[in-house]
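Report on the following structure.
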Amino acid sequence: IIEGEEEVGSEAVNKFLAAEQARLKCDVVVVSDTCQFGPGRPAITYGLRGIAYYELRLRGPKQDLHSGTFGGAVLNPANVLSRLLSSLIDDQGRIQVPGFYDDVVPLTERERQQFAELPFDEDGFRQQVGVEQLGGETGFSTLERRWARPTCDVNGLWSGYQGEGAKTVLPARAGAKFSFRLVPNQDPHKISAALEAHLRAHCPAGIEMELIDMHGAPGVMTPLESPYIAAASRAIERGFGVAPVFIREGGSIPIVTAFRQQLGVDTLLLGWGLDDDNTHSPNEKFCLADFHRGIKASAHLWQELASAGLNS
């Protein structure tokens, strides 16, 4: 199956899966949309975070106003927007929506130890992204925060005057797009209901608020004890010449949830890219050597699945 809607929730593929379950009956799904742990360190991704993505629109006066004439008497939607967004997360990185963490399953000590044993270069990572200091939820390592903890991020903002020079407006409109990354066991629908209640409780009279639920998907986990994981591990070792490490990733692939819900099967997440491939950015790249090694590993995968005695 080749589809191009991953960035907008894979709605057409979800309908296709529901309509064609008999034709698509299978033992396991293989998706190549993840990364290696690092150069020369292939990985099998056994967990993904989910996502809940929103657009928040605020409306105040019927038109932009002069901030000198009307400021202090009319609520400013941009000011209210900043307060609402600030109310979502505290300075310790904890999300403040009531009930948000109710269904979060804590990391096991075994997983925390496995993450700690991975050869993660934190200084190199900091230099890669171009910041002097990393940040996030206190009490967790960088890998734990990236892979296995929920997050809240503003993805875009707009309001008021955006041109050159100054224009002292009190804007009539303000808006933002923001998203939560969810961990397995969190329900995007439950999160959406809690979020809307939180925002409406904090939005003052005089401002009209609209929250648009753009798309969402829960996180997923594949059991490390799965025979498909073992078969994939052998195939990768044959293709790359080194055994893979087992990781979780912070991104979301909504169709993986649909495969489980509609077809009742787990997904093998085998990707050959690297964190520094500039995904979603200018100068996106892909190493040809990894492409060739990935082709070999993919070819070996069929043999490994068959030789494992699986019905694939």
(message) Restricting to region 29-72, give me the number of residues that are of a type in the set (Asp, Glu) and touching a helix residue (DSSP H, G or I) at 6+ places or on another chain (Cβ under 8 Å).
(response) 1
(message) So, GLU210, is that one in contact (Cβ under 8 Å) with a residue 12 or more places away in the chain, surrounded by fewer than 16 Cβ atoms within 10 Å (Cβ to Cβ) and more than 18 Å from CYS35 (Cβ to Cβ) or not?
(response) yes
(message) Condition first: touching a His at 6+ places or on another chain (Cβ under 9 Å), at pLDDT below 90 and not assigned by TED's automatic domain parsing to the domain that holds ASP187. Can you find one or more residues in region 236-243 that meet it?
(response) no
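A quick yes/no check of all residues on (1) more than 29 Å from LEU88 (Cα to Cα); (2) out of contact with any Pro (no Cβ under 6 Å at 6 or more places or on another chain); (3) at pLDDT below 90:
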position: ILE2; (1), (2), (3): yes, yes, yes
position: ALA12; (1), (2), (3): yes, yes, yes
position: LEU17; (1), (2), (3): yes, yes, no
position: VAL28; (1), (2), (3): yes, yes, no
position: ARG41; (1), (2), (3): yes, yes, no
position: ALA52; (1), (2), (3): no, no, no
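Condition check ((1) in the same structural domain as ARG83 (by TED's automatic domain parsing); (2) among the hydroxyl-bearing types (Ser, Thr, Tyr); (3) touching a residue at least 24 places away in the same chain (Cβ under 8 Å)) across all residues:
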{"residue": "THR142", "(1), (2), (3)": "no, yes, no"}
{"residue": "GLY156", "(1), (2), (3)": "yes, no, no"}
{"residue": "ARG181", "(1), (2), (3)": "yes, no, yes"}
{"residue": "ILE191", "(1), (2), (3)": "yes, no, yes"}
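Name the helices (runs of 4 or more DSSP H) wholly inside region 1-120 in which the number of residues that are of a type in the set (Asp, Glu) is 1 or more.
Answer list for region 1-120: 11-19, 109-117.
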(request) Scan region 223-246 for residues that are farther than 23 Å from LEU288 by Cα and either crowded, with 22+ Cβ neighbours inside 10 Å or of a type in the set (Lys, Arg) (or both) and jot them down. (result) TYR228, ALA231
(message) Just to be sure before I move on: is GLN186 more than 23 Å from TYR53 (Cα to Cα), among the polar types (S, T, N, Q) and outside any helix (DSSP H, G or I) in the structure I sent?
(response) no
(request) Hey, can you tell me all the residues within region 271-289 that are over 24 Å from the mean Cα position of the chain (by Cα) and either closer than 11 Å to CYS35 by Cβ or of a type in the set (Gly, Ala, Ser) (or both)? (result) ALA289
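Here's the yes/no breakdown for (1) touching an Asp or Glu at 6+ places or on another chain (Cβ under 7 Å); (2) surrounded by fewer than 20 Cβ atoms within 10 Å (Cβ to Cβ):
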site	(1), (2)
ALA12	yes, yes
LEU17	no, yes
ALA22	no, yes
VAL28	yes, no
SER32	no, yes
GLY40	no, yes
ALA43	no, no
GLY72	no, yes
ASN79	no, yes
(request) Just give me the residues in region 125-152 being surrounded by 11 or more Cβ atoms within 10 Å (Cβ to Cβ) and of a type in the set (Asp, Glu), in sequence order. (result) GLU137, GLU144
(message) Any residue in region 283-297 that is closer than 14 Å to GLY40 by Cβ and in the same structural domain as PRO42 (by TED's automatic domain parsing) sitting within a Cβ distance under 6 Å of a residue that is surrounded by 15 or more Cβ atoms within 10 Å (Cβ to Cβ) and not hydrophobic (A, V, I, L, M, F, W, C)? List the pairs, counting only those 6 or more apart or interchain.
(response) ARG293/GLY239; ALA297/GLY239
(request) Quickly run through region 107-124 and pick out the residues that are surrounded by 11 or more Cβ atoms within 10 Å (Cβ to Cβ) and either closer than 30 Å to LEU58 by Cβ or touching a Lys or Arg at 6+ places or on another chain (Cβ under 9 Å) (or both). (result) LEU107, GLU111, PHE115, LEU118
(message) Take the residues in region 240-270 that are of a type in the set (D, E, K, R) and not in a helix (DSSP H, G or I); name whichever of them is nearest to the chain's Cα centre (by Cα).
(response) GLU249
(message) Here's a check for you: in region 1-58, which residue that is among the aromatic types (Phe, Trp, Tyr) and in contact with a strand residue (DSSP E or B) (Cβ under 8 Å, 6 or more places away or on another chain) is farthest from ALA243 (Cα to Cα)?
(response) TYR54
(request) Could you tell me whether any residue of region 233-245 is more than 18 Å from VAL31 (Cβ to Cβ), touching a helix residue (DSSP H, G or I) at 6+ places or on another chain (Cβ under 8 Å) and among the basic types (Lys, Arg)? (result) yes
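The values are calculated or read from the model by the stated rules, or taken from the named source; none is laboratory data. Being a predicted model, the structure only gives us computed values, none of them experimental. Cβ sites come from the backbone with ideal geometry, for glycine too, and all protein chains shown count toward neighbours.
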